[in-house]
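Peer 1: I have a structure I would like to understand better, so I am pasting it below and will then ask my questions one at a time.
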Amino acid sequence: MPQDKMEKPYLVTCTAPVNIAVIKYWGKRNEELILPINSSLSVTLHQDQLKTTTTVATSKSFHEDRLWLNGKEEDINHPRLQSCLREIRRLARKRHNDGDPDSSDSTGLSQKVRICSVNNFPTAAGLASSAAGYACLVYSLAQAFGVEGELSAIARQGSGSACRSIYGGFVQWIMGNKDDGKDSLAQQVEPETHWPELRIFVLVASAERKPIGSTSGMQTSVQTSRLLKHRAESVVPSRMVEMIEAVRRKDFPAFAELTMKDSNQFHATCLDTYPPIFYLNSVSQQVIHLVHRYNKYYGETRVAYSFDAGPNAVIFTLQEYASEFVRVVQHFFPSDTNGEGFIKGLPVKSATLSEELKQGIGLEPMPKGINYIISTKAGPGPRVVEDSSQHLLSSEGLPKKTV
Ligand code: DP6
């Protein structure tokens, strides 16, 4: 079709958050549908600091589906991406066939899509970009095709952890037990407004990419680790109940202890995998020691850590301890940029550290161990961006120059 006859595309832009699991998902019972061997629970991080933005365009003039990620055209035929697209189109068709007058017409359903997606944080920082990415993709496609209702089961088929990014606040992914996965869904436990005192810091330890991706890592763990089987069957079920209770009661010491124990057990199952998988490095170990010594100094649990499939620590603490603990991190990980730009995101008040505290912790400082800190808190789920100047695709359906 000549350019001048091109039908202007329908554009929709959405954003979606990253989440960090405090009860970890590790291991699938069905690879294709992405069904987990245990339930998990996460905190959705605030999109002011970490988010994916996705624009979806549909037009009669498009002849094929296309995809751009962080400025580069990628193959749209990725099986997981195709699962999400297929599911959204199936639901849109169902809605249309059920006679919903608001649903897109049949032409709309057959239209091809163009998808353009960017993260506001470096993918190489090893943060959970696939969770925000697939949650954003599914949410934006649902808007474009007029699909309403349960979206977490579709996001799950893109990346397991993505189902939890469909909601804000504190979110559980219930593993379910059906073979078709219809009951393997995310559910909000409490909204982001529930625990305003909770503060979160991402300590970016290294910009290297993770050595083994979660997908293949957990496959090997399921095949070889008896500890993982024990964890899924005998540890996680009661931990989920305790964690939900701790969140509901805003019981920080209980929340913190469960969070650290669960992170540690996840990394223990990695070591129990054969051949073993290592995600923690010497910086991660130093952070673990630092947190335990800090808590011990005060004789109570004021800070917790959690690590995913990479060396970056995610720190949870309460507002009243936040500024002092950040200064402790700066002291034990001195860096060239310790002043300007070391702390990104929500402001952190200044604090002075007593000699007694420094000596009480008693660790040898590790220069340049941490590149920077992202200061954030719990945040809301995916959103539609109303301002049309924010679309990542032009009215011709191509990425704008700035993407
Ligand atoms: C360690 O969701 O990335 O972050 O389902 O294969 O895409 P796939 O894996 P992914 O695994 C995340 C693992 C984790 C723990 C968690 O987020 O629960």
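Every read-out reported here was derived from the displayed coordinates using simple, explicitly stated rules and does not represent laboratory data. As the structure is a prediction and not an experimental result, all values here were calculated from the model. Because the Cβ atoms are built from the backbone with ideal geometry, glycine has one as well, and the counts that use them run over all protein chains shown.
Peer 1: So which residues in the stretch 376-403 are part of a strand (DSSP E or B) and over 24 Å from residue 163 (Cα atoms)?
Peer 2: Taking the stretch 376-403 and keeping what is part of a strand (DSSP E or B), we get 376, 378, 383-384, 393, 399.
Within the stretch 376-403, 393, 399 qualify.
Peer 1: Same structure, new question: Do we have any residue at all in the stretch 313-328 that's away from the ligand (no atom under 16 Å from the Cβ), under 21 Å from the mean Cα position of the chain (by Cα) and in a loop (DSSP other than H, G, I, E, B)?
Peer 2: The answer is no; no qualifying residue exists.
Peer 1: Still on this model: Please specify each residue of the stretch 40-81 satisfying the condition of being within 16 Å of the ligand (Cβ to nearest atom), surrounded by fewer than 20 Cβ atoms within 10 Å (Cβ to Cβ) and in a loop (DSSP other than H, G, I, E, B).
Peer 2: 78
Peer 1: Right, next: Just one of the numbered conditions (1) over 25 Å from residue 37 (Cβ atoms); (2) assigned to a helix (DSSP H, G or I); (3) within 16 Å of the ligand (Cβ to nearest atom) is not true of residue 200; which one?
Peer 2: Against the list (1) over 25 Å from residue 37 (Cβ atoms); (2) assigned to a helix (DSSP H, G or I); (3) within 16 Å of the ligand (Cβ to nearest atom), residue 200 comes up short only on (2).
Peer 1: Looking at 220, 215 in this structure, which one is among the hydroxyl-bearing types (Ser, Thr, Tyr), part of a helix (DSSP H, G or I), within 16 Å of the ligand (Cβ to nearest atom) and over 20 Å from the mean Cα position of the chain (by Cα)?
Peer 2: Values: 215 fails: over 20 Å from the mean Cα position of the chain (by Cα).
Going through 220, 215 in turn, just one is among the hydroxyl-bearing types (Ser, Thr, Tyr), part of a helix (DSSP H, G or I), within 16 Å of the ligand (Cβ to nearest atom) and over 20 Å from the mean Cα position of the chain (by Cα): 220.
Peer 1: Quick one: residue 400 ticks every box in (1) closer than 18 Å to residue 257 by Cα; (2) free of Cβ contacts under 8 Å to residues at least 24 places away in the same chain bar one, so which box is it?
Peer 2: Answer for residue 400: the failing condition is (1).
Rundown of residues vs (1) among the small types (Gly, Ala, Ser); (2) in contact (Cβ under 8 Å) with a residue 24 or more places away in the chain; (3) surrounded by fewer than 22 Cβ atoms within 10 Å (Cβ to Cβ), yes/no style:
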{"residue": "335", "(1), (2), (3)": "yes, yes, yes"}
{"residue": "348", "(1), (2), (3)": "no, yes, yes"}
{"residue": "356", "(1), (2), (3)": "no, no, yes"}
{"residue": "368", "(1), (2), (3)": "no, yes, yes"}
{"residue": "371", "(1), (2), (3)": "no, yes, yes"}
{"residue": "375", "(1), (2), (3)": "yes, yes, yes"}
{"residue": "389", "(1), (2), (3)": "yes, no, yes"}
{"residue": "396", "(1), (2), (3)": "no, yes, yes"}
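Peer 1: Only one of (1) farther than 20 Å from residue 311 by Cα; (2) within 22 Å of the chain's Cα centre (by Cα); (3) within 16 Å of the ligand (Cβ to nearest atom); (4) buried (at least 20 other Cβ atoms within 10 Å of the Cβ) is not met by residue 269, so which one is it?
Peer 2: Going through (1) farther than 20 Å from residue 311 by Cα; (2) within 22 Å of the chain's Cα centre (by Cα); (3) within 16 Å of the ligand (Cβ to nearest atom); (4) buried (at least 20 other Cβ atoms within 10 Å of the Cβ) one by one, residue 269 breaks only (1).
Peer 1: Given the conditions (1) within 15 Å of the ligand (Cβ to nearest atom); (2) of a type outside the set (S, T, N, Q); (3) surrounded by fewer than 24 Cβ atoms within 10 Å (Cβ to Cβ), report the number of the one that residue 166 does not fulfil.
Peer 2: (3)
Peer 1: For residues that are of a type in the set (Gly, Ala, Ser), away from the ligand (no atom under 16 Å from the Cβ) and not in a helix (DSSP H, G or I), scanning just the stretch 118-160, find the one that is surrounded by the fewest Cβ atoms within 10 Å (Cβ to Cβ). Break it down into steps so the answer makes sense when it comes.
Peer 2: Keep residues of the stretch 118-160 that are of a type in the set (Gly, Ala, Ser), which gives 124-126, 128-133, 135, 140, 142, 144, 146, 149, 152-153, 155, 158-160.
Those left that are additionally away from the ligand (no atom under 16 Å from the Cβ): 140, 142, 144, 146, 149.
Adding the requirement that they be not in a helix (DSSP H, G or I) leaves 146, 149.
Details: 146: 18, 149: 7.
Among those that are of a type in the set (Gly, Ala, Ser), away from the ligand (no atom under 16 Å from the Cβ) and not in a helix (DSSP H, G or I), it is 149.
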